Amino acid sequence: MDDVTQPVSVATAVPAAASTQAERSALSDQKMFEVAIELVNERGTAKTTLKDIGERAGYSRGLASYRFGSKDGLWMELFARFDVIWKAHLSQYLAGQSGLAALRAAMQAQRDIFTRESGYLRAMYILWYESLGRESDIRASLARHHVIYRRDVRRWIEQAQAAGDVKPDVDAEHFAVGYCSTMFGTIYQWVVAPDAIDINTFFDSFAVTTLAAITQEEG
């Protein structure tokens, strides 16, 4: 029987086309996310429109609206993506760590995110702070994340106390509140005036004074 080139079946062709479309969608989403970060850093959230995002990314003015539905929809996507970035970043430092070592690693991770993701970090905190004036999914999600951040710090202190590395009279819950307040307060000041704070010097000092306060010997 002669060799005959068989026609490509629909079942074979559709996945390839779908894959190409999925790749295009992922690329356009990524471009719009990058533009959204740029515009939020330039203008804040109120003056950033979906139309502007789509056009600056090189697409139609309606694509961002079609893809995300609303600005809040886009902001939630940005929040989710930043959460993934932060967790992946933090996990590199916390791998196999607990107690005092985990606290030290978290400080280093927080310090290094300023350099590695400064544009994204600044845009996200602008978004979060501007969301505080109204009830929104962003505000509710941020509140849940703060609970997680405090819980993690409290757990590290409790682990360190069990290991004898942190003084037993340190209140783990109160320490967690103070630690997170310092971190978010520092980020707030950096967002307002990045050149006013030497991040590396601050974190060097913060690590030394914080660890000395909770680990120093009595008497």
Exercise. Please give the net charge around residue 146, taking every other residue with its beta carbon less than 12 angstrom from that of residue 146, where Lys and Arg add +1 and Asp and Glu add -1.
Key: +3
Exercise. Could you work out how far the C-alpha centroid of region 48-97 sits from that of region 160-219, in angstrom?
Key: 30
Quiz item: Per-residue HN-Hα couplings for region 57-69, Karplus 6.51 cos²θ - 1.76 cosθ + 1.60 at θ = phi - 60°, whole Hz, x for Gly and Pro?
Solution: 6, x, 10, 5, 5, x, 5, 5, 5, 5, 6, 10, x
Practice problem: Before rounding to the nearest 500, sum -39500 (n - 2.57) across all DSSP H runs of length at least 4 in the chain and divide by the residue total; then give [θ] at 222 nm in deg cm²/dmol. | Solution: -26000 deg cm²/dmol
Self-check item: At R0 = 35 Å, FRET efficiency that the Cβ-Cβ distance of residue 208 and residue 88 yields, to 0.05
Solution: 0.80
Self-check item: Simple spin-label estimate for residue 95 and residue 173 in nanometres, 7 Å along Cα-Cβ
Solution: 3.6
Quiz prompt | Residues 145, 174 arranged by fewest to most Cβ contacts within 10 Å | solution = 174, 145
Practice problem: Beta carbons within 10 angstrom, averaged per residue: use that to sort the peptides 30-40, 59-69, highest first. | Solution: 30-40, 59-69
Quiz item: Excluding residue 49 itself, what net charge comes from residues whose Cβ is under 15 Å from its Cβ, given Lys and Arg +1 and Asp and Glu -1?
Solution: +1
Quiz item: Using alpha carbons only, how many degrees (0 to 90, rounded to 10) separate the axis of helix 172-192 from the longest principal axis of the chain?
Solution: 60
Practice problem: Within the set of other residues whose C-beta is less than 14 Å from the C-beta of residue 202, count the net charge using Lys and Arg as +1 and Asp and Glu as -1. | Solution: -3
Quiz item: Just how large is the dipole of the chain about the Cα centre, in debye to the nearest 20, putting +1 at every Lys and Arg Cβ and -1 at every Asp and Glu Cβ?
Solution: 580
Self-check item: Cβ crowding within 10 Å averaged over residues, with 112-121, 187-196 ranked highest first
Solution: 112-121, 187-196
Practice problem: Please report the orientation-averaged projected area of the chain, defined via the convex hull of its C-alpha atoms, in nm². | Solution: 19.0
Quiz item: Normalised by the residues of the chain, what does the relative contact order come to in percent, with Cα pairs under 8 Å and at least six apart?
Solution: 18
Exercise. Using only Cα atoms, find the angle between the long axis of helix 118-130 and the longest principal axis of the chain, and express it within 0 to 90 degrees, rounded to the nearest 10.
Key: 80
Quiz item: What FRET efficiency, computed as 1/(1 + (r/R0)^6) with R0 = 35 Å and r the Cβ-Cβ distance, is obtained for residue 104 and residue 34, rounded to the nearest 0.05?
Solution: 0.60
Exercise. Please give the helix 137-162 orientation as an angle from the longest Cα principal axis of the chain, in degrees from 0 to 90, rounded to the nearest 10.
Key: 40
Exercise. Evaluate the distance, in nm, between pseudo-label points positioned 7 Å from the Cα of residue 149 and of residue 26 along their respective Cα→Cβ axes.
Key: 3.0
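No value in this document is a laboratory result; all are computed from the given coordinates. Quantities reported herein were computed from a predicted structural model and do not represent experimental measurements. A quick note on method: Cβ atoms are made from the backbone with ideal geometry, for glycine too, and the neighbour counts reach across all protein chains shown.
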